[in-house]
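So the structure is just underneath, and the comments pick up after that.
The values are calculated or read from the model by the stated rules, or taken from the named source; none is laboratory data. The model shown is predicted, which means the values in this text are computed figures rather than measured ones. All Cβ positions, even for glycine, are placed from backbone atoms using ideal geometry, and neighbour counts span all protein chains on display. Please note that ligands, DNA and RNA were not included when accessible areas were found on the heavy atoms of the full protein model with its side chains. Shrake-Rupley method; radii C 1.70, N 1.55, O 1.52, S 1.80 Å.
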Amino acid sequence: MGLRMDNVGIVVEDLAAAVDFFRTLGLELEGEGEVSGEWAGRVTGLGDQRVEIAMMRTPDGHGRLELSRFVEPAVVADHRTAPVNALGYLRVMFAVDDLDETLDRLRDKGVEMVSTEVVRYEDAYRLCYVRGPEGLLLGLAEELR
């Protein structure tokens, strides 16, 4: 049986700001559109829905991130400020070539580090968690060579 991960979905309030942020991180906009109607509600269990989406792609073409803004029905829960030990989906981890340069670019977008430092894991990685637009939790990892 073949298996590959297609995408990770993140629900946001401001789709344009999220697209801008993830472009700054280095993802490319693959496409935008609207998903609506009864068929979509059968997939999600939400009934009739209208969702604006933007599909982002990593430069290598292997990873995709689906950003969604629900127009109908309204969002019912907000987990954006949950701590890193909360149950459920937590974060998306991105591998970057230069962590310091990436953090410099993202700070211009209002990104804040979760901790006050970048941490080194053995001789393998430099790591940190950041809060992106709307408090989204992201991990950034630079492989040490």
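If you go through segment 66-89 and keep only what is open to solvent by 70 Å² or more (accessible area, probe 1.4 Å), among the polar types (S, T, N, Q) and modelled with pLDDT of 85 or more, you end up with nothing.
Just to verify a result, which residue in segment 95-134, among those that are open to solvent by 60 Å² or more (accessible area, probe 1.4 Å) and of a type in the set (Val, Ile, Thr), is nearest to Pro83 (Cα to Cα)? The extreme case among them is Val114. With respect to being surrounded by 17 or more Cβ atoms within 10 Å (Cβ to Cβ) and small (Gly, Ala, Ser), Gly63 fits the description. For the condition farther than 28 Å from Glu142 by Cα, open to solvent by less than 70 Å² (accessible area, probe 1.4 Å), touching a strand residue (DSSP E or B) at 6+ places or on another chain (Cβ under 8 Å) and not in a strand (DSSP E or B), Ala40 qualifies.
Only one of Glu34, Glu52 is more than 30 Å from Glu142 (Cβ to Cβ), touching a Ser or Thr at 6+ places or on another chain (Cβ under 9 Å) and at pLDDT 90 or above; which? It would help to see each step written out before you state the result.
Values: Glu34 fails: touching a Ser or Thr at 6+ places or on another chain (Cβ under 9 Å).
So the residue among Glu34, Glu52 that is more than 30 Å from Glu142 (Cβ to Cβ), touching a Ser or Thr at 6+ places or on another chain (Cβ under 9 Å) and at pLDDT 90 or above is Glu52.
Of Val96, Val84, Val12, Val92, all but one fail to be within 23 Å of Arg126 (Cβ to Cβ) and in contact with a helix residue (DSSP H, G or I) (Cβ under 7 Å, 6 or more places away or on another chain); the exception is Val96.
A search for C-beta distances below 6 Å between a residue of segment 132-143 that is within 15 Å of Leu65 (Cα to Cα) and without any contact (Cβ under 8 Å) to a residue 40 or more places away in the chain and any residue that is open to solvent by 10 Å² or more (accessible area, probe 1.4 Å) and outside any helix (DSSP H, G or I), counting only pairs 6+ apart in sequence or on different chains, returns nothing.
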